[in-house]
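Data block below; observations after.
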Amino acid sequence: MAKAAESSGDPGTTSPRPLFAGLSDISISQDIPVEGEITIPMRSHIREFDSSTLNESVQNTIMRDLKAVGKKFMHVLYPRKSNTLLRDWDLWGPLILCVTLALMLQRSSVDSEKDGGPQFAEVFVIVWFGAVTITLNSKLLGGNISFFQSLCVLGYCILPLTVAMLVCRLVLLAEPGPINFMVRLFVVIVMFAWSIVASTAFLADSQPPNRKALAIYPVFLFYFVISWMILTFTPQ
Amino acid sequence: MAAADELAFHEFEEASNLLAETPDAATTSGSDQLTPQGHVAVAVDSGGSYGAEEEAEESDRTALLQEEKQQPGFWTFGYYQSFFDVDTSQVLDRIRGSLLPRPGHNFVRHHLRNQPDLYGPFWICATLAFVLAVTGNLTLVLAQRRDPSIHYSPQFHKVTVAGITIYCYVWLVPLALWGFLRWRKGVRERVGPYTFLETVCVYGYSLFVFIPTVWLLGVLALSLSGASLVFTLWPVVREDTSLVAAVLLSTVVLLHALLAVGCKFYFFQPLPLEHLAPPLQATSLPPDVLLPLTPGAKTT
């Protein structure tokens, strides 16, 4: 029940009060239910979802997606604490990187079945199932990152290791020897550290503080496995 | 009106020890019908000998407590999240506990405290599988340095073999052990063997010691790991007949030794000669160099 302060006397006898003068004296007790919804519609970045994207040429569509992928590559190569990878996640970049890496790592068909490097399918499975396992692990530990965001980050941070693979293949064209191995080892170690730093910059904030190390260690193991596959690659 | 001292939280040593031994018990704090000093009564859920009018109240309270402790169903995500409810410091503490087994210091009681986790066993197994494969590969590289005719290859299939073996060991052997202990519990009326998850946890953490000592995958690692398993199992088995206890413990140690020895022989031997495929090799070695090398020439 609202208790309004009563204005004194009748309007006729007192001097005219300004409008709404008594409003400041009104107090509302807790019994009045105040209902309603206050929502601010979340507006993500502007994209026209009308028919204009259907009518555009295929080149425009592809270039737009490629530009998005390229922008994310830049974010991985120069890791800063930004939200771009998390906000606009996509899985094109991880797919391109994984296929490139697997194509370069697979053993040639003349090699014997038992001993040799991984097959294309093995690399593919390791990358994707490894990323899924790490994502599940971080979600089970209580992280507040979504499933596909985490897959996106882990996939994009393979970029330094893919670059290392390209460099290693070029170095292997030269003559084999300890210097050859040292160069490859150095390149792989540097790129491995780069991958870890990049993924930690994006993923670390989503974990509760007393479990960060538990969530980061599987990422370390994942990139270590990929680095080992790159380092032990021998062309046949 | 209760004194301020009773309202403060007390750590009751006896109660926590009793709780540790009987994980299904429900504690009830003293109400004003019981003694006014905040006496903690431990009621085993199989029923106690209480008075008739208190029994209804006790059962209500225990039912409520059990409802609160009830885990969500196995189809929900929260069910699996309860197995990962550990902090970094807890995991490190459990690893330290498994590295230094002591006879009176039970791993399950002191370190797990009825909170087994799956994070430790899962990632320790993954790390161990991978470290075994890497070290095996390194052994091959070093052997090739000494003996250039041995053909080096990444041997990627060893990773898959290692992974499958270790994960099967950590899941199937605790399953068998837990089943056996439950069967013996039925026979001997012994209360409180370890739950399945605690057994898996013990096995998983006991494998940690293999990771740093993988190069000397031998007596030291095996004895440390086997000792921590034996010390953990001893209080459960000691109530049984000495024959069953001895057979069980020796089986556990034997399986563990088999794992260690199998890993050593599979991962740390360079390739024997018959696995080479000479027609497919583009090497320039003359064939008569390969002949003097017998298949039994294994390093270390």
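What helices (runs of 4 or more DSSP H), lying completely within region B:198-300, carry at least 3 residues that are under 27 Å from residue B:171 (Cβ atoms), modelled with pLDDT of 75 or more and over 17 Å from the mean Cα position of the chain (by Cα)? Fully inside region B:198-300 and qualifying: B:242-267.
State whether the residues of region B:119-140 include one that is facing chain A (nearest Cβ under 10 Å), at pLDDT below 80 and surrounded by 15 or more Cβ atoms within 10 Å (Cβ to Cβ). The answer is no; no qualifying residue exists.
Condition check for residue A:179 on (1) within 14 Å of chain B (Cβ to nearest Cβ); (2) assigned to a helix (DSSP H, G or I); (3) not hydroxyl-bearing (Ser, Thr, Tyr): one failure, at (1).
Exactly one residue out of A:145, A:96 is surrounded by 14 or more Cβ atoms within 10 Å (Cβ to Cβ), at pLDDT 90 or above and away from every other protein chain (no Cβ under 13 Å): that is A:96.
This table checks each residue for (1) at the interface with chain B (Cβ under 10 Å from one of its Cβ atoms); (2) part of a helix (DSSP H, G or I); (3) within 15 Å of residue A:123 (Cβ to Cβ).
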{"residue": "A:187", "(1), (2), (3)": "no, yes, no"}
{"residue": "A:194", "(1), (2), (3)": "no, yes, no"}
{"residue": "A:200", "(1), (2), (3)": "no, yes, no"}
{"residue": "A:213", "(1), (2), (3)": "yes, yes, no"}
{"residue": "A:223", "(1), (2), (3)": "no, yes, yes"}
{"residue": "A:235", "(1), (2), (3)": "no, no, no"}
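Could you go through region B:152-162 and let me know if any residue there is of a type in the set (D, E, K, R), touching a helix residue (DSSP H, G or I) at 6+ places or on another chain (Cβ under 9 Å), modelled with pLDDT under 85 and in a helix (DSSP H, G or I). So far as region B:152-162 goes, yes, one or more of its residues are of a type in the set (D, E, K, R), touching a helix residue (DSSP H, G or I) at 6+ places or on another chain (Cβ under 9 Å), modelled with pLDDT under 85 and in a helix (DSSP H, G or I).
The values are calculated or read from the model by the stated rules, or taken from the named source; none is laboratory data. Keep in mind that what you see is a predicted model, and the values were worked out from it rather than measured. Cβ coordinates were reconstructed from backbone atoms using ideal geometry, including for glycine residues, and neighbour counts include every protein chain displayed.
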